[in-house]
Amino acid sequence: MTPVQQALLILLIPLASAAIIALFLRRKGGLATIVSVTAAAALAGLSLSLIASGEEINHSWEWMQIGGLTISLGIKFDDLAALMLFVVSFVGFFIHLFSTGYMLDDKARGRYFAGLSIFMFSMIGIVFADNMFMMFIFWELVGFSSYLLINHYHEKQTAADASNKAFIVNRVGDFGFLLGIILCYWTYGTVNLTELGLISDSGELVHSKPIPLLLFCGAVGKSAQMPLQVWLPDAMEGPTPVSALIHAATMVAAGIFMLCRIEMLMVPEALNIIMWVGTITALYAALCAIVQSDIKKVLAYSTLSQLGYMVAAFGLGSLVFEQDGRDVLVFAGVGAAMFHLTTHAFFKALLFLGSGSVIHGCHHEQDIFQMGGLRKKMPITFLTFTIGVLAIIGMPGLAGFFSKDAILLLAMKNNTVVFGVLVFTAILTAFYMIRMWKLVFFGETRSDNAAKSHESGMSMTLPLLVLAGLAIIGGYAGIYGKLAGSVADLVPHAHGSEHTMIFVTSIVVLLIGSLGAWVYYKPGAKDTLEQNSNGLFNGLTTLKESFDALYGYYVAKVQQRFAMLLNFLEQIFLAGLIIRGFSGLVGLLGLGARALHVGSLHAYVHWFLLGIALLWVLTSGLF
């Protein structure tokens, strides 16, 4: 089998799985589960085989031609695609496996696993896309499958509202993305990624700010950056494995991957805006996470914050050291962003699945203030969840430590203000994660559901153990081999004082945030911050709700009233004056014409004579 055929098979396996389940197995949950999980296993195996081969693919087929516009479907497989394919296929398989236990009693398992399969197909299409038209097609399919999965519990109004919100908000960003693609084709005559790279290497690329910023709109929507971040916390209404796969490890990371794919189009002005959008999002989400009581929403805001880190890393650009009298490029923003994307996929999928194990064990209780004491009742979940928490807060030696330090080093060298904001955000991350960890696993049980909690089965704990292992070793560049190519060399290579400063900063950040939360929060049924600092708590809550309130005001007071005005104008001018007016005029002319045909020979003679007289007057030159 050639590499191209293998890539096509990888792409089509989940599509075939989704089709089989949707057509024949929607009411047969057990068989649907087997088909979907088997497809995910085959997908992971073939993906690892393709990655291990080290082959690069750059192949396309003409799909349609409209005038001078040729739209192609193609496969571009390089180091960047290999890394993303590994994340999607490997993490995706273990989330499928986890779902077999989590969704065991769900009557709509068939629909759920069909949705997972169509999502895997869509996401792999983005990974393989060799041009932006193809990427946009699969981009929209990812949004569609996300809508289906968030809306899995469609009988709940909150789930239906959340899926609509996610779909609509993403359309706003995708509109800008589509405009960027059109403008890119208009400017360069191509949207093929390889051809754009060649144009960039030749130095003939036009310096354009609108193109990268419009394309960035797609990432703002899909990766939930400000001001379009409002959909992601509400998306937690979907099943927890969906939150792990789509809203932590893969779909939201698609925006970061897309930015790295179009790096050749970036200009300093666009990178500066991207840097600040990511930085502000990281801080905003971390502040919001402090006041959350739903375990999944704490992780949702954590995901927002970590995505902000990735976007900021991309915007920070390249890091250059002086060595032997010359400048040496150590790593670029693309590398730092993809490095953190990879490690984040490991430990955040672990944390979401861990929260799913907790929710399942506590009989679907999600309020962290109604838990407590679970470390004894759920020892495997406690151990693996602890590893995930330590990884995200930057414990030395774990995955998050290396990728976070790469971003902090990049910020320290390129923008001290951004460095300060990201350091403060890292303190907040340690604070709210230790808060959640302590309230869930320590103290006494605070509800009947927590008292009756139990450890999850092997189908759920095995993925936790595997992902915990990756959260431990995922930061060591040597494990990547050919997976990441140049991306594998991203562990900070600062020299002397710079290395020491970053290391010391990380330790101080970890201690301040962790010890602060451990000492401050007392396991109980109420939030300690709300009890002791009600003003601060309400302020952070208002910060969280402010965007929803702003959008609600815009829709109700601006958009709706503007729509009413347009409807009024349409009824008066379009439907009234133009359509009914012309209709009435034609009717009047018809009425007059009909009056002339009276069936009387004398009348016709009179009209004939009048017509001759008018014709004589017009031709005689009297007028």
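The values are calculated or read from the model by the stated rules, or taken from the named source; none is laboratory data. Given the structure is predicted, the values throughout are model-derived calculations rather than measurements. As a convention, Cβ positions derive from the backbone with ideal geometry for all residues, glycine included, and neighbour counts pool all protein chains shown. In case anyone asks, the SASA skips ligands and DNA or RNA and just uses the protein heavy atoms, side chains included. Shrake-Rupley method; radii C 1.70, N 1.55, O 1.52, S 1.80 Å.
Just a few scattered comments:
- Residues (under 15 Å from T429 (Cβ atoms) and crowded, with 21+ Cβ neighbours inside 10 Å) located in the stretch 267-283: G278, T279, T281, A282
- Enumeration of residues in the stretch 123-152 that are over 13 Å from the mean Cα position of the chain (by Cα), farther than 24 Å from E195 by Cβ and without any contact (Cβ under 8 Å) to a residue 60 or more places away in the chain: L148
- Residues satisfying the stated conditions in the stretch 72-92, i.e. in contact with a Leu (Cβ under 7 Å, 6 or more places away or on another chain), assigned to a helix (DSSP H, G or I) and open to solvent by 10 Å² or more (accessible area, probe 1.4 Å): F86
- Restricting attention to the stretch 347-380, the residues that are assigned to a helix (DSSP H, G or I) and either out of contact with any Phe, Trp or Tyr (no Cβ under 9 Å at 6 or more places or on another chain) or open to solvent by 10 Å² or more (accessible area, probe 1.4 Å) (or both) add up to 13.
- Being in contact (Cβ under 8 Å) with a residue 24 or more places away in the chain, among the hydrophobic types (A, V, I, L, M, F, W, C) and open to solvent by 20 Å² or more (accessible area, probe 1.4 Å) is a property that holds for L8.
- Filtering the stretch 454-479 to residues that are closer than 19 Å to V389 by Cβ, open to solvent by 40 Å² or more (accessible area, probe 1.4 Å) and either in a loop (DSSP other than H, G, I, E, B) or among the small types (G, A, S) (or both) leaves only E455.
- Residues of the stretch 163-178 classified as closer than 26 Å to V127 by Cβ, open to solvent by less than 70 Å² (accessible area, probe 1.4 Å) and in contact with a helix residue (DSSP H, G or I) (Cβ under 7 Å, 6 or more places away or on another chain), total: 9
- Residues (surrounded by fewer than 22 Cβ atoms within 10 Å (Cβ to Cβ) and under 24 Å from L73 (Cα atoms)) located in the stretch 197-216: G197, L198, I199, S200, D201, L205, L214
For every residue, the table says whether it meets (1) open to solvent by 10 Å² or more (accessible area, probe 1.4 Å); (2) touching a residue at least 60 places away in the same chain (Cβ under 8 Å); (3) under 30 Å from G189 (Cα atoms).
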| residue | (1), (2), (3) |
| --- | --- |
| L265 | no, yes, yes |
| D294 | yes, yes, no |
| S302 | no, yes, no |
| V311 | no, yes, yes |
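- Scanning the stretch 141-162 for residues that are of a type in the set (D, E, K, R) and open to solvent by less than 50 Å² (accessible area, probe 1.4 Å) yields no hits at all.
- Taking helices (runs of 4 or more DSSP H) as the structural unit, those lying wholly within the stretch 199-276 and holding at least 2 residues that are closer than 20 Å to A337 by Cβ correspond to 210-222, 254-261.
- Verdict on M258 being in contact with a helix residue (DSSP H, G or I) (Cβ under 7 Å, 6 or more places away or on another chain), within 26 Å of V142 (Cα to Cα) and open to solvent by 10 Å² or more (accessible area, probe 1.4 Å): no
- Some residue of the stretch 129-137 being in a helix (DSSP H, G or I) and within 29 Å of G29 (Cβ to Cβ): no
- All conditions in (1) open to solvent by 10 Å² or more (accessible area, probe 1.4 Å); (2) within 16 Å of Y309 (Cα to Cα) hold for S223, with the sole exception of (1).
- The residues in the stretch 41-67 that are touching a residue at least 24 places away in the same chain (Cβ under 8 Å) and either in a helix (DSSP H, G or I) or out of contact with any helix residue (DSSP H, G or I) (no Cβ under 9 Å at 6 or more places or on another chain) (or both) can be counted, and the count is 12.
- Against the numbered list (1) over 25 Å from M458 (Cβ atoms); (2) over 18 Å from the mean Cα position of the chain (by Cα); (3) without any contact (Cβ under 8 Å) to a residue 60 or more places away in the chain, K76 comes up short only at (3).
- Set G317, G308, G335, G354: member being in contact with a helix residue (DSSP H, G or I) (Cβ under 7 Å, 6 or more places away or on another chain), at pLDDT below 90 and within 21 Å of V88 (Cα to Cα): G335
- The stretch 406-453: number of residues that are open to solvent by 10 Å² or more (accessible area, probe 1.4 Å), within 25 Å of T500 (Cα to Cα), assigned to a helix (DSSP H, G or I) and in contact (Cβ under 8 Å) with a residue 24 or more places away in the chain: 9
- Within the option set T33, T38, being open to solvent by less than 20 Å² (accessible area, probe 1.4 Å) and either assigned to a helix (DSSP H, G or I) or at pLDDT 90 or above (or both) holds for one residue only, T33.
- Condition check for L383: crowded, with 24+ Cβ neighbours inside 10 Å and not polar (S, T, N, Q): no
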